[in-house]
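Read through the structure below, which is laid out as structure tokens, and then see the notes.
The values are calculated or read from the model by the stated rules, or taken from the named source; none is laboratory data. In this text, all values refer to a predicted model and were calculated from it rather than measured experimentally. Here the Cβ positions follow ideal geometry from the backbone for every residue, glycine too, while neighbour counts run over all protein chains shown. Just the protein is used for accessible areas: all its heavy atoms, side chains included, with ligands, DNA and RNA removed. Shrake-Rupley method; radii C 1.70, N 1.55, O 1.52, S 1.80 Å.
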Amino acid sequence: MAFQDRTVAIIGGGSGFGLRVAHGVIAGGGSVVIGGRSETRLAQAAAQLGPSARAKTVDLEDRASIADFFEAVGSLDHLFVPAATYKVGPITALSDEDAESPFRTKFWGQYHAVKAAIPRISQDGSIVLMAGAAGARPLKGAAAYAACNSAIESLGRALSLELAPVRINTVSPGTIDGHLWRSRPAEVYESAFAHYSTLTALGRPGTEDEVAETVLFLMQSSYITGSTLYPDGGYALR
């Protein structure tokens, strides 16, 4: 039981990658505290996960909210923060506020979550940051988003030195066939999946389970730190 007697905090654990990771932790004998902005979604996820799960609302753009979340968590062994809300577009089309949005929630949100977790995390524990394959291979029309993902990968490497022996790694997925894309119109995600498939070595988008498996692997691998893994089907290689 890889997570026996371990507590994992997942901000963004009410759906998608985070919920899949929560299921994996509980299957491995651990307990989870899931966080997010939607109380309804968290309650539904916690009911699905069962008695080994607790839920607490948290807003990654509010440092007091982040502090309250970790106060409720107490001591923990692993942290994963896939939650983020942002806009993507060309530099000439995005407002300054929208262009800054990936950094506000995805970069600074994770930064402040890590900072709040440091006094509470076990010394043989780990933190998995969420970036994206666009940081390694940008596409035209998403410069700020690509830069944010690169910054998160760099943050992971730097924190792995600063916070050792706590292990810090980063996961950088490509386009994933999951709840986020499936919430958009069918013609939008079908076109995106078809285009992405032409850019990868494996010729298809990934799944939420495949990303979750990567995160769980990084949590369990006691001699990996400062690394970035790409569950992207080979997108970053081509």
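The table for this structure:
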quantity: Exposure rank, largest accessible area first [Asp68, Asp5, Asp62; 1.4 Å]; calculated: Asp5, Asp68, Asp62
quantity: Ile224 - accessible surface, heavy atoms, 1.4 Å probe, Å² rounded to 10; calculated: 50 Å²
quantity: Residues whose placed amide H lies under 5 Å from that of Gly125, excluding near-sequence neighbours; calculated: Arg167
quantity: Karplus 3J(HN,Hα) series, Hz, for the range 230-237 with 6.51 cos²θ - 1.76 cosθ + 1.60 (x for Gly, Pro); calculated: 10, x, 9, x, x, 4, 5, 7
quantity: Cβ-derived FRET efficiency at R0 22 Å, Arg157 paired with Asp124, nearest 0.05; calculated: 0.65
quantity: Computed lengthening from Glu190 to Thr207, 0.36 nm per intervening residue step minus Cα-Cα distance; calculated: 4.7 nm
quantity: From the C-alpha gyration tensor of the chain, square roots of 5λ in Å; calculated: 27, 19, 19
quantity: By average C-beta atoms within 10 angstrom, highest first, the peptides 52-61, 38-47, 101-110; calculated: 101-110, 52-61, 38-47
quantity: Accessible surface of the chain [probe 1.4 Å, protein heavy atoms]: carbon and sulfur percent; calculated: 53 percent
quantity: Fraction in percent of alpha-carbon pairs per bin - 5 Å, the range 144-238; calculated: 3, 13, 19, 20, 20, 13, 8, 4, 1, 0
quantity: Potential extension, Glu71-Glu39 segment - 0.36 nm per residue separation minus Cα distance; calculated: 9.8 nm
quantity: Degrees between helix 39-49 axis and first principal axis of the chain (Cα, 0 to 90, nearest 10); calculated: 70 degrees
quantity: Alpha-carbon radius of gyration plus Dmax, which is the widest Cα pair, for the range 127-186 in Å; calculated: 13.8, 45
quantity: Angle between the chain longest axis and helix 16-27 axis [Cα atoms, degrees, rounded to 10]; calculated: 30 degrees
quantity: Net charge over other residues, Cβ less than 12 angstrom from the Cβ of Leu129 (K, R count +1; D, E count -1); calculated: +2
quantity: Where His78, His112, His179 fall by accessible area, highest first, once all protein chains stay in place (1.4 Å); calculated: His179, His112, His78
quantity: Relative contact order of the chain, pairs being alpha-carbon contacts under 8 Å that are 6 or more residues apart, as %; calculated: 18 percent
quantity: By accessible area with a 1.4 Å probe, ligands and nucleic acids excluded, highest first: order of Val81, Val88; calculated: Val88, Val81
quantity: Segments 230-236, 71-77 sorted - mean Cβ within 10 Å per residue, highest first; calculated: 230-236, 71-77
quantity: Relative frequency of Cα-Cα separations exceeding 23 Å in the range 50-169, percent; calculated: 35 percent
